[in-house]
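Chemist: First the structure, which I've put down as structure tokens, then a few questions once you've had a look.
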Amino acid sequence: MAPRTTAREKLLDAAVKLIRQHGYTATTLDDLCAEAGVTKGAFFHHFKSKDDLGQAAAQFWDERTGTLFLEAPYHDHEDPLDRVLGYIDFRGSIMDGEVHEFTCLVGTMVQEVYRDAPEIRKACRDSIFGHAGTLVEDIQAAMDQHGLTPSWTAESLANYTQATLQGAYILAKATDSNEASLECVAHLRNYVALLFANKH
């Protein structure tokens, strides 16, 4: 028997869905409670405020996506550069469906609240940079294997991948299409491949 979904989990699921669709500011407590099928009393039993939910949603998103990427097939490549390029390919492969279904919750929230909700900003920062950190070991291994001693670091390239992907999501939202975002992913892949081919 599947474990019963708690009201807290329902609210977090609702937050992920609605904030990706409408943005943080436009998503109201009434919207969240209606989507989750819970009362406002249940909401305030689990969260002190909407911002408290926003912070928890960023952490929930980080855990959920962390599992998705941990189980992704690019880890199966023996060559570390193939793993890095496979990661980029995987990011492109999941840019499918409605725009809100593949864009990033924490990227969406931090653009709206970075100044006025510091705890949400920090949770979004931790999620984005924490995810970038999962690439550093493979990038460094690829650098070592290819004899690269560049001015940039494995960490800076990992962070750059996230900047490019978050920008790709903005273009997807601006065009209501994945076409421009997939072009960004293709350029990112070519850029990374050229870094190693040219041995900067």
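Chemist: Work from the charge dipole of the chain (Cβ charges, +1 for Lys and Arg, -1 for Asp and Glu, about the Cα centre) and give the residue of Ser93, Thr6, Val185 farthest towards its positive end.
Modeler: The listed residue farthest towards the positive side: Thr6.
Chemist: Taking only the alpha-carbon positions of the chain and ignoring solvent, what does the Debye formula give for the base-10 log of I(q)/I(0) at q = 0.07, 0.08, 0.12, 0.14 Å⁻¹?
Modeler: -0.24, -0.31, -0.66, -0.85
Chemist: A follow-up question, please. What number of lysine-lysine pairs in the chain show an alpha-carbon separation below 27 angstrom, given a sequence spacing of 8 or more or placement on distinct chains?
Modeler: So the count of such lysine pairs works out to 17.
Chemist: Take the alpha carbon atoms of segment 12-41, find their center, do the same for segment 147-196, and report the distance between the two centers in whole angstrom.
Modeler: Spelled out, the Cα-based centre of one part sits 31 Å from the other.
Chemist: Per DSSP helix of 4 or more residues, -39500 (n - 2.57); summed, then divided by the residues of the chain. What does that give at 222 nm, rounded to the nearest 500? Display every interim value, and only then the final one.
Modeler: Numbers: 10 runs with 149 residues, N = 200.
Result for the chain: -24500 deg cm²/dmol, rounded to the nearest 500.
Chemist: Within a Cβ distance under 10 Å of Ile120, other residues only, what is the Lys/Arg minus Asp/Glu net charge? Walk me through the intermediate numbers first.
Modeler: Values: positive: Lys50, Arg121, Lys122, Arg125; negative: Asp51, Asp52, Glu112, Asp116, Glu119.
Cβ neighbours under 10 Å give a net charge of -1.
Chemist: OK, next. Using only Cα atoms and rounding to the nearest 10 degrees, what angle (0 to 90) does helix 154-175 make with the longest principal axis of the chain?
Modeler: So the inclination is approximately 60 degrees.
Chemist: Work out the FRET efficiency for Ala34 and Asp176 from their Cβ-Cβ distance, taking R0 = 30 Å, and round it to the nearest 0.05. Show your work: numbers first, answer last.
Modeler: Details: r = 25 Å, r/R0 = 0.83.
E(calc), rounded to 0.05, equals 0.75.
Chemist: Here is a follow-up. Using a simple charge model, +1 on the beta-carbon of Lys and Arg, -1 on the beta-carbon of Asp and Glu, nothing else, what dipole does segment 51-134 show about its Cα centre, in debye to the nearest 20? All intermediate terms of the calculation are to be shown ahead of the outcome.
Modeler: Numbers: 7 positive and 17 negative charges, 68 e Å.
That gives a dipole near 320 debye.
Chemist: Rank these for me by crowding, Leu85, Leu53, going from fewest to most other beta carbons within 10 Å.
Modeler: Leu85, Leu53
Quick note: the coordinates plus some simple rules give every number you see, no bench work behind them. Just so we're clear, the structure is a prediction, and the values are computed from it rather than from any experiment. Reconstructed Cβ throughout: ideal geometry from the backbone, glycine too, with neighbour counts over all protein chains shown.
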